[in-house]
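The values are calculated or read from the model by the stated rules, or taken from the named source; none is laboratory data. Note that the coordinates shown come from a computational prediction; the quantities given were computed from them, not determined experimentally. So basically every Cβ, Gly included, is an ideal-geometry build from the backbone, and we count neighbours across all protein chains shown.
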Amino acid sequence: MNGTAHATIGAGVGFIVSQTVHADPTTTLLLVGMGGVSGLIPDIDIDGKLSNKITLSHTLIRSVAQLIGILMIIYILLEGTGTEQWMGIGAGVAIIVISSFIKQRHMLTITGLGVLAGGVSLQELWLILLGVYIIIASFVPHRSYTHSLLGIGYFAFIAYYLEQAFSIEGIFLACLIGYCSHLVADMKVLPFNKRGVKFFLPFSSKEF
């Protein structure tokens, strides 16, 4: 199932939850949006189509990093002396060399680290957990752990602390059920899915 369909189902879940909790129009829009986003989240893994859409181009990041390395070398040559100068040049060269190995698949990990840093800075537990989720997702195959009961359980913590942060009833349910709707829609029992969902990873790789 494509991303548009997953987002639409998730948004529908958010709307149903909003009616269940008797939300006002503004909160209804918020829950619809969160349900839609949550319906897409499982596809954030390394081979999922969503990962390339939420990350910057690796060529841009690589170019910026290399420029920083060059500027660092120039600056240390002009201002540094002795050991400091050699250390600065070494650091600049290291940045240039390491950045040359950055590929698009690394961008999801970098994005997760950025979200994690933002969560630590803002002291928001849900954002920290989301950053960790993105980092883990950047290393696992498509339709694996993000599409399992472990993924659901972990995302439930994110949804719980998100609701606590916003103090808005319905966020937890809209996010969690929206997430679950993605896995249900990807099940092999539906005729348009060639692959299924491995709910019981790492204990079983059987697809449902």
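Annotations for the structure displayed:
- Criterion: out of contact with any His (no Cβ under 7 Å at 6 or more places or on another chain) and either surrounded by 16 or more Cβ atoms within 10 Å (Cβ to Cβ) or in contact (Cβ under 8 Å) with a residue 60 or more places away in the chain (or both) - qualifying residue of Ile102, Ile110, Ile98, Ile68: Ile110
- Residues within segment 113-126 that are buried (at least 16 other Cβ atoms within 10 Å of the Cβ) and without any contact (Cβ under 8 Å) to a residue 24 or more places away in the chain, tallied: 3
- Residues of segment 43-102 classified as under 23 Å from Ile134 (Cα atoms), outside any helix (DSSP H, G or I) and at pLDDT below 75, total: 8
- Going through (1) modelled with pLDDT of 70 or more; (2) touching a helix residue (DSSP H, G or I) at 6+ places or on another chain (Cβ under 8 Å); (3) part of a helix (DSSP H, G or I) one by one, Ala23 falls short only on (3).
Conditions (1) under 14 Å from Asp45 (Cβ atoms); (2) part of a helix (DSSP H, G or I), marked per residue:
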| site | (1), (2) |
| --- | --- |
| Ile135 | yes, yes |
| Phe139 | yes, no |
| Gly153 | no, yes |
| Ala156 | no, yes |
| Leu173 | no, yes |
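- Within segment 1-40, being buried (at least 21 other Cβ atoms within 10 Å of the Cβ) and more than 24 Å from the chain's Cα centre (by Cα) holds for Ser18, Ala23.
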